[in-house]
Amino acid sequence: SSIALSDQVTIDSGKTIILDMNGETLSIGFSDSSKNLIVNNGPLTITGDGSFDATEATSYKGFINNYGTLTVENGTFQIADKAMTVHLRNQDGGKAVINGGTFSNSVYPAVDVNGETLITGGIFTNTSCSRCDSQNWGYTVRSGVDNDPDAKLTITPSSEGSVVVTGTQGALSATAGTMEVNGGSYKT
C-alpha cells in the first residue's frame with residue numbers, strides 16, 4: 001500500500017527515528033518546490049526495503065534534506081521523468097551513511113554531498129548530460145556541491161559489486177572538500 005504525505009515532515013534534533021518501510025511506499029502528495037519529503041535534524045534510519053515515490057509530484061525540493069545523522073539501509077527512490085530534484089542532500093554538518101538502496105535520477109544528481117557521507121552499498125544512476133540539455137543536467141553522485149570545503153565523500157563498498165554508479169554526464173564529481181574511493185563500479 002501507499003501513504004501520501006500532504007506536507008513536509010521535519011524531524012527535530014532531539015528525536016531518534018527508525019523509519020521501517022516494511023515494503024510499503026511513501027509518496028509525495030503535495031506540490032511545493034521549497035519543501036522536501038523529509039528534513040532530518042536528528043538520528044534517522046531508513047530500513048524495511050520500501051519505496052519513496054515522487055512520480056506524481058509536479059514540484060518539490062527532494063526526498064531527504066539531511067542536517068543530522070542519516071542511515072539508509074535500503075529502499076527505492078523514484079521520481080517523475082525529468083524532475084529537477086535531488087534524492088538525498090547531505091548538508092554541511094550532516095552525517096550520512098548509505099548502506100544500500102536504488103537511487104535513479106533523470107536530471108539532477110541522485111546524491112549531493114556537503115557534509116560527511118559514507119557509501120558502502122547502493123545502485124546510483126543518472127541519465128542526464130550537458131549536451132542533451134545545457135541547462136539541466138548532473139553527475140550521479142556530486143560532492144562539494146556548494147563549494148563547501150567540509151564536504152567529505154567516502155565510498156568503501158561492503159562487498160564486491162555492492163556500489164554501482166552509472167552516469168551519462170559522469171558517475172562522480174567533486175568540486176570541493178575531499179573524496180576517497182576505495183572500490184565500486186563506475187560507468188558512463
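Observations on the structure shown:
- For the residues Val165, Val181, Val97, Val113, the requirement of being within 13 Å of the chain's Cα centre (by Cα) and over 24 Å from Asn40 (Cα atoms) singles out Val165.
- In summary, Cys132 fulfils each of the numbered conditions (1) in a loop (DSSP other than H, G, I, E, B); (2) open to solvent by 70 Å² or more (accessible area, probe 1.4 Å); (3) over 19 Å from Thr85 (Cβ atoms) with the single exception of condition (3).
- Within the set Thr175, Thr168, the sole residue that is among the hydroxyl-bearing types (Ser, Thr, Tyr) and surrounded by 15 or more Cβ atoms within 10 Å (Cβ to Cβ) turns out to be Thr168.
- In segment 70-87, the residues that are in a strand (DSSP E or B) and of a type in the set (A, V, I, L, M): Leu70, Val72, Ile79, Val86
- Candidate set from segment 111-165 (those that are in contact (Cβ under 8 Å) with a residue 12 or more places away in the chain and among the basic types (Lys, Arg)); member that is farthest from Ile79 (Cα to Cα): Lys152
- Considering only residues in segment 10-27 that are open to solvent by 60 Å² or more (accessible area, probe 1.4 Å) and within 20 Å of Lys61 (Cα to Cα), the one that is nearest to the chain's Cα centre (by Cα) turns out to be Thr10.
- Checked against the criteria, Ser158 does not count as of a type outside the set (Lys, Arg) and at pLDDT below 95.
- Scanning segment 135-164 for residues that are touching a Lys or Arg at 6+ places or on another chain (Cβ under 9 Å), part of a strand (DSSP E or B) and over 15 Å from Gln91 (Cβ atoms) yields one hit, Val164.
- Residues (open to solvent by less than 40 Å² (accessible area, probe 1.4 Å), part of a loop (DSSP other than H, G, I, E, B) and not aliphatic (A, V, I, L, M)) located in segment 28-69: Phe30, Gly42, Gly48, Gly50, Ser59, Tyr60, Gly68
- The one condition in (1) surrounded by 20 or more Cβ atoms within 10 Å (Cβ to Cβ); (2) charged (D, E, K, R); (3) at pLDDT below 95 that Glu116 fails to fulfil: (3)
- Scan of segment 88-103 for residues that are in a loop (DSSP other than H, G, I, E, B) and either over 14 Å from Thr120 (Cα atoms) or of a type in the set (A, V, I, L, M, F, W, C) (or both), ordered by number: Gln91, Asp92, Gly93, Gly94
The values are calculated or read from the model by the stated rules, or taken from the named source; none is laboratory data. Remember, it's a predicted structure, so these values are computed and weren't measured experimentally. When we count neighbours, we look across all protein chains shown, and the Cβ atoms used for this are built from the backbone with ideal geometry, even at glycine. Please note that ligands, DNA and RNA were not included when accessible areas were found on the heavy atoms of the full protein model with its side chains. Shrake-Rupley method; radii C 1.70, N 1.55, O 1.52, S 1.80 Å.
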